[in-house]
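Laboratory data are not the source of any read-out in this text; all were calculated from the coordinates shown. In this text the structure is predicted, and so the values were computed from the model without any measurement. Glycine gets a Cβ as well: all are built from the backbone with ideal geometry, and neighbour counts include every protein chain shown.
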Amino acid sequence: MNLIVSAPSGCGKTTLLKKIFEKYPNTFGFSVSATTRQARNGEIDGKDYYFLSIEEFNRKIANNDFLEYEQVYDNLFYGTLISEIERIEKLGKHTVFDVDVKGGVNIKKSLQDKAISVFIMPPSLEILKQRLLNRKTETEDSLNKRLQRAELEISYSKFFDYVIINDDLQTATNELEELIKKHIL
Ligand code: ADP
Ligand code: 5GP
């Protein structure tokens, strides 16, 4: 079974998934995406993402290596590798996809009943901005791009099986856990 999680950047997807992975070790495999963006401080190649040059990314497109890929921001590409699904299936684990909304909708279309799709909603755009500022990972330019895109992403929430509002972290974690217990475990 597969879990698709999408949300505007900064909504708390990574934080929520980390809590679930800690509670259920060896149960889920995180589909490591390929991206052309630079690694942030502390991010590890092959764990957080496969950090690729644009040439390497294009080669993978030409080889049909992607289940889906999107240009999420100007000049920044992100894609789900088919080899990741195979890798995680071989381990006998459930696959978790952390992808943008278009990627989420496309993966759900491909996997249908084999996946549930969950949209993580910020309590408000103002709180989202505060969280991105607190995270201290963005420049003014990349922060603005993420906030601009958030509105478009929120308009896609209606295409997801479930929407969880990440206001209180523990409440949101519990809601995600309940969905996982119902549909996946
Ligand atoms: P994403 O993976 O969706 O981009 P992160 O998990 O990195 O988002 O979260 C963005 C920032 O918001 C982080 O600094 C995180 O600690 C914080 N955060 C996440 N969830 C909450 C919450 N419910 N309340 C307050 N802060 C949160
Ligand atoms: P970030 O740069 O903050 O890590 O991610 C930016 C956005 O790209 C997030 O919405 C994230 O979910 C999305 N993303 C990450 N990997 C993929 C992927 O493989 N495919 C798609 N479509 N989006 C992705």
Check your understanding: Does V72 satisfy the criteria of being under 21 Å from E153 (Cβ atoms) and among the hydrophobic types (A, V, I, L, M, F, W, C)?
Key -> yes
Point to revise | Residue list for segment 58-86, filter: in contact with a Leu (Cβ under 7 Å, 6 or more places away or on another chain) and without any contact (Cβ under 8 Å) to a residue 24 or more places away in the chain | key: D65, I82
Practice item. Those residues that are away from ligand 2 (no atom under 16 Å from the Cβ), under 16 Å from the mean Cα position of the chain (by Cα) and not aliphatic (A, V, I, L, M), I need them from segment 130-185; list them, please. Key: D161, Y162, T173
Review point. From the set of residues in segment 24-41 that are within 16 Å of ligand 1 (Cβ to nearest atom) and either among the basic types (K, R) or surrounded by fewer than 11 Cβ atoms within 10 Å (Cβ to Cβ) (or both), which is farthest from the chain's Cα centre (by Cα)?
Key: N41
Exercise for review: Check segment 42-58 and report whether any residue there is of a type in the set (D, E, K, R), more than 25 Å from K158 (Cα to Cα), more than 13 Å from ligand 1 (Cβ to nearest atom) and in contact with a Ser or Thr (Cβ under 8 Å, 6 or more places away or on another chain).
Suggested key: no
Study note, to complete from the structure: The number of residues in segment 91-131 that are hydroxyl-bearing (S, T, Y), more than 16 Å from I184 (Cβ to Cβ) and within 16 Å of ligand 1 (Cβ to nearest atom) is 1
